[in-house]
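Here's the structure, in structure tokens; my notes come after.
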Amino acid sequence: MQTERSFVMTIAGFDPSGGAGILADIKTFEQLGVMGLSVCTAMTVQTESRCLSLEWRPLDEIITTISILMKDYPVEAVKIGIVKDALFLEKIVEMVRLYHAGVKIIWDPVLKSTSEFSFFDLESLPLLTNVLKKIDLITPNYNEYNVLQKYDLFNTSGNSCAVLVKGGHRNDKIGTDILICQGKETSLEPDSHDSSGFYPKHGSGCVLSSAIAAHLAKGETLEAACRKGKLYIEKFLKSNPSLLGFHST
């Protein structure tokens, strides 16, 4: 019987529907047997199908909260969700690394919501080059990866950031993710080749990245964490036909 749990922190937005952001991350952490901590980057008014408003939390407040939690808890992995811009992200990453240089950091680069509500300031994308060197993994979907690639963010010398390109928006081989790490590409095929059993879900990117963070905190390698995270999200996508998924292991 497990008596201790690894600590994982989510730094993301608050979604009152519970389908995405810190609430979805905490649900995922609990199911996967890790202790979840959370820091709110933004307050939103939304449902599973539309986002009506967003209010960013002050950066100083976010940094202070991270500092307090990192001082008191042995955080092994950090998942970052919506952030305002590259500077916002850089300050968050620097504070996390200040307290734990070896912590695993995963960023889910949410540029827009599925309802086309803009989150990240795209004009700051060129500033991401140095920030990505301090992150272990980013998890863009197929469309987001194409946007990021336009700025040559993944071909800079010395950039050690791994990329998991999610395949849910692909026209071919739908559901096949590509893990790019140190120049090597690994295809992660869906557990089921019958895509008719998968339903679109609000917050699926949040759930996948937090599942990967949980497995990394438990000592899995990056590839193994991505594979196990993929199994978790597939159950989530199959859980019911609505846009709000059920969490289970």
Just give me the residues in the stretch 114-142 being open to solvent by 20 Å² or more (accessible area, probe 1.4 Å), of a type outside the set (D, E) and not in a helix (DSSP H, G or I), in sequence order.
T114, S115, F117, S118, F119, K133, K134, N141
Which numbered condition in (1) out of contact with any Phe, Trp or Tyr (no Cβ under 6 Å at 6 or more places or on another chain); (2) farther than 25 Å from P200 by Cβ; (3) modelled with pLDDT of 95 or more; (4) open to solvent by 30 Å² or more (accessible area, probe 1.4 Å) is the only one that I105 fails?
(4)
So if I check each of L37, L89, L32, which one is among the aliphatic types (A, V, I, L, M), closer than 23 Å to L122 by Cβ, open to solvent by less than 30 Å² (accessible area, probe 1.4 Å) and in contact with a helix residue (DSSP H, G or I) (Cβ under 6 Å, 6 or more places away or on another chain)?
L89
Within the stretch 172-227, residues among the small types (G, A, S) and touching a Pro at 6+ places or on another chain (Cβ under 9 Å) come out as G175, G205
Give the residue that is most open to solvent (accessible area, probe 1.4 Å), with candidates limited to residues of the stretch 178-226 that are out of contact with any Leu (no Cβ under 6 Å at 6 or more places or on another chain) and of a type in the set (K, R).
K184
Kindly evaluate V83 against the criterion of being modelled with pLDDT of 90 or more, closer than 22 Å to T41 by Cα, in contact with a strand residue (DSSP E or B) (Cβ under 9 Å, 6 or more places away or on another chain) and surrounded by 16 or more Cβ atoms within 10 Å (Cβ to Cβ).
yes
The stretch 98-118 residues that are farther than 11 Å from V78 by Cα and of a type in the set (K, R), paired with ones that are open to solvent by 20 Å² or more (accessible area, probe 1.4 Å) and part of a loop (DSSP other than H, G, I, E, B) (beta carbon under 8 Å, 6 or more apart):
K112/F119
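Criterion first (hydroxyl-bearing (S, T, Y), open to solvent by 20 Å² or more (accessible area, probe 1.4 Å), in contact with a Lys or Arg (Cβ under 8 Å, 6 or more places away or on another chain) and modelled with pLDDT under 95) does S53 satisfy it? Quick ask: steps written out before the conclusion?
Numbers: hydroxyl-bearing (S, T, Y): yes; open to solvent by 20 Å² or more (accessible area, probe 1.4 Å): yes; in contact with a Lys or Arg (Cβ under 8 Å, 6 or more places away or on another chain): no; modelled with pLDDT under 95: yes.
Here the answer is no, as S53 does not meet what is asked.
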Can you confirm whether K27 is open to solvent by 60 Å² or more (accessible area, probe 1.4 Å) and at pLDDT 95 or above?
yes
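The values are calculated or read from the model by the stated rules, or taken from the named source; none is laboratory data. Note that the structure is a prediction, hence the values are computed from the model and not measured. Every residue, glycine among them, receives a Cβ derived from its backbone with ideal geometry; neighbour counts consider all protein chains shown. In case anyone asks, the SASA skips ligands and DNA or RNA and just uses the protein heavy atoms, side chains included. Shrake-Rupley method; radii C 1.70, N 1.55, O 1.52, S 1.80 Å.
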